[in-house]
Amino acid sequence: MISVAVVDDQEMVRMGFSLILDAEADIRVIGQAADGVDAIDLVKREQPDVVLLDIRMPRLDGLAALPRLTPYSQVIMVTTFDDDDYVDAALAGGASGFLLKDAGADLLLAGVRAAANGDALISPSLTLDLLKRRTAASQPETAHVNRLSERETEIAKLVAVGRTNQEICAELFISLGTVKTHLGSIQTRLDARNRVEIAARMWESGVMNSKG
């Protein structure tokens, strides 16, 4: 059972998300909060597997609350604002995923399940623009990437284009346990907190634009 906290200043949004999530046999909403202050109290107390966190809220917004939530839960930022600065700040703060509120129920459920399984999901409409922009905005930094073994590089590249653990297993004909072991090593070598940061490191290094 995946436990979820829903944080949004609009009651209708909280109720709508909760109805969608609670209708699933493997997901349970354990609490709601209307701002970042209440969210911190809720998450510290209940320690849900996943937090759906709005960005713009009164008292304390989602970006300010984010680093105080990530020690306890996987956090997916959910917003109506398709803004580059918001996405960058959310990723820098340790978010495990980023979804637009109008992404639909299927993507919401997929994001929650991905985060709970140690994967990460960004709305497809944001992913390529985000990663290509990060590549263009940065000088190639290959020192960390050069530490990866050939297999680790292969897996990290698949993470960078959005493959889940199960998809990596199928593509490389390796076990789930092997994938997770490699991902742990990749995170350490790349100094990345989660899969989103693995993807960012790979794109920023320039290796995703190279042939072969």
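Below are the figures for this structure:
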| item | result |
| --- | --- |
| Scope segment 1-13; condition part of a helix (DSSP H, G or I) and within 17 Å of Phe98 (Cα to Cα); matching residues | Val13 |
| Unmet requirement for Gln10, which otherwise passes all of (1) over 16 Å from Pro67 (Cα atoms); (2) polar (S, T, N, Q); (3) modelled with pLDDT of 95 or more; (4) surrounded by fewer than 19 Cβ atoms within 10 Å (Cβ to Cβ) | (3) |
| Cβ-Cβ under 7 Å pairs, at least 6 apart or on other chains, segment 176-193 side farther than 16 Å from Ser149 by Cβ and of a type outside the set (Val, Ile, Thr), far side open to solvent by 90 Å² or more (accessible area, probe 1.4 Å) and not in a helix (DSSP H, G or I) | none |
| Single residue of segment 42-82 satisfying the filter (open to solvent by less than 60 Å² (accessible area, probe 1.4 Å) and hydroxyl-bearing (Ser, Thr, Tyr)) that is nearest to Ser3 (Cα to Cα) | Ser73 |
| Every pair of residues 6+ apart whose Cβ atoms lie under 9 Å, when the first sits in segment 41-58 and is on the phi > 0 side of the Ramachandran plot while the second is open to solvent by 70 Å² or more (accessible area, probe 1.4 Å) and aromatic (Phe, Trp, Tyr) | Gln47/Tyr72 |
| Yes/no for Val37 being surrounded by 15 or more Cβ atoms within 10 Å (Cβ to Cβ), in contact with a helix residue (DSSP H, G or I) (Cβ under 8 Å, 6 or more places away or on another chain) and either touching a residue at least 60 places away in the same chain (Cβ under 8 Å) or part of a helix (DSSP H, G or I) (or both) | yes |
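The values are calculated or read from the model by the stated rules, or taken from the named source; none is laboratory data. Treat the numbers as computed from the prediction; the structure is a model and nothing was measured. Cβ atoms come from the backbone with ideal geometry, glycine included; neighbour counts cover every protein chain shown. Remember, those area values only see protein heavy atoms, side chains included, never the ligands or the DNA or RNA. Shrake-Rupley method; radii C 1.70, N 1.55, O 1.52, S 1.80 Å.
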